[in-house]
Amino acid sequence: MKRLALRRSRVLGRLSCRPLLAFALLLAYPGGAYAYVDPGAGIMLWQVAALGLIGGLFYAKRVTEWVRDAFALRSARAAGFAFASCFAVVASPVTVALFQGHPLPRFNDVFLIGIVLTAYLFAWQPAAYLLVIAVFVSAWVLPPYGSMRVEGAAEWYRLASFTALGLFLIFLISRMKARSRASNAGGSPISMQEAAAGMD
C-alpha cells in the first residue's frame, strides 16, 4: 500500500511539474516584441528621480550637520564650499557620462538641485561657485560634445536660461533666508511667496 502511494505521489509530482516547465520554456523563448514606448517616458522617469532627490531634502539638515562635524568647519560658508565641491565631484562625471552629446531638455536639473541645496543650507557664495561649475559642465555636454564651444542659438539659450534661473534661485533663497532671520528676530515667520513677492 505504501509503495502504491509513493508511486502515485511521484507520478503526480512529475505531472504537475511538466506544465510549469512548459510555461517556463515558453516564457524563455525569445520572440518578437512589438511594443510602444511613449516618448515622454524618459522625461517622466527623470522627474521621478528628481522628486526622489527632492524628497531626500528632508534629511538635508542631518547632512549639513554631518559635513560640518566631519570636516570641523565652523562657518556656513566653508561648509558650503565643501558641500558644493563634493556635489560637483559627484554630479559632473554623472552628467558627462549620462548625456554624452545627447542632452535631455532639462539635464542641468542635476546641478540645479545642488545649487538650491547649497544656497538654502549654507550661503549664496558656495551656490554661485557650484553654478559656475555647472555652466562649464553644461558647455562641455552641449553640442559639440567634448569642447567648451557652444554652437547654435538653441544651445546658447539653454545655457543662458539655466544661468539666469540659477542666479534667480540663489537670489530668492538668500532673500528668503535674510527675511526669515529678520522676522524671527522680530516675531512671525515669512513664507516663500512673501519673500518672492517682496511683501513686508
Can you confirm whether segment 164-172 contains a residue that is free of Cβ contacts under 8 Å to residues at least 40 places away in the same chain, among the aromatic types (F, W, Y) and over 18 Å from Y120 (Cα atoms)? no
Failed item, numbered, when A154 is tested on (1) under 19 Å from the mean Cα position of the chain (by Cα); (2) surrounded by fewer than 21 Cβ atoms within 10 Å (Cβ to Cβ): (1)
Looking at segment 37-49, can you tell me whether even one residue there is farther than 26 Å from I115 by Cα, at pLDDT below 65 and surrounded by fewer than 10 Cβ atoms within 10 Å (Cβ to Cβ)? yes
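For every residue, the table says whether it meets (1) among the hydrophobic types (A, V, I, L, M, F, W, C); (2) crowded, with 16+ Cβ neighbours inside 10 Å.
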| residue | (1), (2) |
| --- | --- |
| L73 | yes, yes |
| R77 | no, no |
| A88 | yes, yes |
| S92 | no, yes |
| N108 | no, yes |
| L117 | yes, yes |
| A123 | yes, yes |
| F162 | yes, yes |
| I170 | yes, yes |
Test result for P30, out of contact with any helix residue (DSSP H, G or I) (no Cβ under 7 Å at 6 or more places or on another chain), closer than 29 Å to E155 by Cα, modelled with pLDDT under 75 and surrounded by fewer than 11 Cβ atoms within 10 Å (Cβ to Cβ): no
What is the one condition in (1) assigned to a loop (DSSP other than H, G, I, E, B); (2) closer than 30 Å to L73 by Cα that S147 does not satisfy? (2)
How many residues are loosely packed, with under 13 Cβ neighbours inside 10 Å and either within 21 Å of A88 (Cα to Cα) or in contact with a Lys or Arg (Cβ under 9 Å, 6 or more places away or on another chain) (or both) when one looks only at segment 137-151? 4
Right, R181: assigned to a helix (DSSP H, G or I), modelled with pLDDT of 90 or more and not small (G, A, S) or not? no
Within the group V89, V132, V150, which residue is without any contact (Cβ under 8 Å) to a residue 12 or more places away in the chain, in contact with a Leu (Cβ under 6 Å, 6 or more places away or on another chain) and of a type in the set (A, V, I, L, M, F, W, C)? V150
Six or more apart or on different chains, Cβ atoms under 9 Å: show the pairs whose first residue is in segment 38-54 and under 16 Å from A91 (Cα atoms) and whose second is among the acidic types (D, E) and surrounded by 12 or more Cβ atoms within 10 Å (Cβ to Cβ). W46/D109; A50/D109
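The values are calculated or read from the model by the stated rules, or taken from the named source; none is laboratory data. Since this is a predicted model, take the numbers as computed values, not measurements. Here the Cβ is made from the backbone with ideal geometry for all residues, glycine too, and neighbour counts use every protein chain on show.
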